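Asks: Below is a structure I'd like to ask you about.
Taken together, the values in this text are just the output of simple stated rules run on the coordinates, not laboratory data. Remember, it's a predicted structure, so these values are computed and weren't measured experimentally. Note that each Cβ is placed from the backbone with ideal geometry, even for glycine, and that neighbours are counted across all protein chains shown.
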Amino acid sequence: MRPAFYALRPGGWRDYVTLLHPPYTAWHLANVVIGGCLAPTVPWGRLALTVAAFGLALGVGAHALDELNGRPLRTGIPNWTLIALAVASVGGACAIGIAVASHTTWWLLAFVAVGAFLVPAYNLELFGGLFHGTLWLGLAWAAFPVLTAYFACAETLRVEAVAAAGWALLMVTAQRALSTPVRRMRREVLSVSGSLELSDGTREPLEREHLVAAPETALRLMAASSLLLAAALVAFRL
C-alpha cells in the first residue's frame with residue numbers, strides 16, 4: 001500500500017511530486033490566501049509574494065526536512081538533495097519576507113523569524129519534539145499562515161484575522177484526527193484480519209482499503225473545501 005493516498009509510484013520525478021504533499025500544500029496555501037483576503041484592502045502583489053514564500057518554506061522546505069527525518073514517504077531522493085532543497089527554499093522564503101518588510105513594516109520580520117524557526121523545529125523534532133504535535137501542527141501550518149498573510153497585507157492584526165486563524169487551526173486539528181490512523185494503517189500495518197458481524201447476522205470482511213477509504217475521502221473534501229473558500233474570497237475581493 002502506498003504511504004499516502006497522493007503518493008505516486010516510487011522513482012524519478014514522481015518522488016519529487018510526492019514530496020510536495022500536493023493536497024496538503026494546496027490546503028495550507030489556501031489558508032494564506034484566506035488570511036490575505038480578509039485584510040481591509042488586498043495588495044495582490046504582496047499577497048502573491050506571501051503565497052510564494054509559504055510555497056517555498058512549507059511546500060518544499062518543511063516537507064524535505066520531514067522526509068529527511070525518517071523517510072515517511074519512502075522516496076529515493078538523496079539526503080543531500082533534501083538538505084539542499086530545504087536550505088534553498090527556506091532561505092528563499094526568508095529573502096521574500098525581508099524584501100516585503102523593507103517596503104512595508106519591519107515588524108513583518110518577526111513573522112519571518114518565527115517561520116524560519118518552526119520549519120526545522122517541527123519537522124526535525126528538535127528540542128526533544130517540544131514543537132512537534134497536533135497543536136503545533138495547527139499553529140505552524142494553519143494559524144500562522146493566516147496571521148502572517150493578514151499582517152503582510154494589512155500591516156496589523158485584527159479580530160477577524162485571529163478568528164480565521166482559529167478556524168484554520170481547528171480544521172487542521174480535524175485533519176490530524178483523520179490522518180493519523182490512516183498513516184498508521186498505510187505505513188505500519190502489514191495486514192488486517194477479521195470481520196464485522198451485522199445485526200442481520202451477516203459478516204463483512206475487514207480490509208485495509210475499506211478502513212482508510214472513509215477518512216481519506218473526508219480529507220480530500222476538507223482540502224477541496226479550503227481551496228474553494230480561498231477562491232470565493234479572491235473572487236469577492238476582485
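Asks: Take peptides 25-37, 78-90, 61-73, 197-209 and line them up by average Cβ neighbours within 10 Å, highest first, as a rough protection proxy. Present the calculation step by step, with values, prior to reporting the outcome.
Replies: Values: 25-37: 24.8, 78-90: 16.0, 61-73: 20.3, 197-209: 9.5.
My ranking of the peptides, most packed first, is 25-37, 61-73, 78-90, 197-209.
Asks: Rounding to the nearest 20 debye, state how big the charge dipole of the stretch 1-98 is about its Cα centre with +1 on each Lys and Arg Cβ and -1 on each Asp and Glu Cβ.
Replies: Values: 6 positive and 3 negative charges, 43 e Å.
The dipole magnitude comes to about 200 debye.
Asks: Here is a further query. Tell me the mean residue ellipticity at 222 nm calculated for the chain from its helices only (DSSP H runs of n ≥ 4, each -39500 (n - 2.57), averaged over every residue, nearest 500). Can you show the working numbers first?
Replies: Values: 11 runs with 160 residues, N = 238.
Helix-only estimate at 222 nm: -22000 deg cm²/dmol.
Asks: Here is a further query. Using Rg and Dmax of the Cα atoms in Å as the read-out, say which of [x] 19.3, 70; [y] 18.9, 59; [z] 22.1, 71 was calculated from these coordinates.
Replies: Read-out from the structure maps to [x].
Asks: For the stretch 226-233, what does the Karplus curve 6.51 cos²θ - 1.76 cosθ + 1.60, with θ = phi - 60°, yield as ³J(HN,Hα) per residue in whole Hz, taken in order and with x for Gly and Pro?
Replies: Per residue, the Karplus-derived 3J(HN,Hα) values read 5, 5, 5, 4, 4, 5, 5, 5 Hz.
Asks: How big is the dipole moment of the chain about its Cα centre under a simple scheme where the beta carbon of each Lys and Arg is +1, that of each Asp and Glu is -1, and everything else is neutral? Debye, nearest 20, please.
Replies: On the way: 16 positive and 13 negative charges, 62 e Å.
Dipole about the Cα centre, nearest 20: 300 debye.
Asks: What's the FRET efficiency of residue 176 with residue 207 using the Cβ-Cβ distance as r and R₀ = 25 Å, to the nearest 0.05?
Replies: Numbers: r = 24 Å, r/R0 = 0.97.
Given R0 = 25 Å and the Cβ-Cβ separation, E is 0.55.
Asks: Here's another thing I want to ask about it. Using alpha-carbon positions, what is the distance between the centroids of the stretch 1-71 and the stretch 134-197, in Å?
Replies: Using only Cα atoms, the two centres lie 13 Å from each other.
Asks: Using only the alpha carbons, work out the radius of gyration and Dmax of the stretch 146-238 in angstrom.
Replies: In Å, with Rg to one decimal and Dmax whole: 19.8, 64.
Asks: Using the Karplus equation 6.51 cos²θ - 1.76 cosθ + 1.60 (θ = phi - 60°), what ³J(HN,Hα) coupling, rounded to whole Hz, does each residue of the stretch 201-213 give in order, writing x for Gly and Pro?
Replies: Values per residue, Gly and Pro as x: x, 7, 10, 10, x, 8, 9, 4, 4, 6, 6, 9, 4 Hz.
Asks: Would you calculate the separation in nanometres between label points at residue 13 and residue 184, each defined as 7 Å from the Cα along the Cα-to-beta-carbon direction?
Replies: Each label point is offset 7 Å from its Cα along the Cβ direction, giving 3.8 nm.
Asks: Multiplying the sequence separation of residue 104 and residue 227 by 0.36 nm and subtracting their Cα-Cα distance, what value in nm do you get? Intermediate results must be reported in sequence, preceding the final value.
Replies: On the way: separation 123, 0.36 × 123 = 44.28 nm, distance 2.77 nm.
Length gained between residue 104 and residue 227: 41.5 nm.
Asks: Take the Cβ-Cβ distance between residue 234 and residue 69 as r, set R0 to 30 Å, and report the resulting FRET efficiency rounded to the nearest 0.05. The partial results should precede the final answer.
Replies: Working: r = 34 Å, r/R0 = 1.15.
The calculated FRET efficiency here is 0.30.
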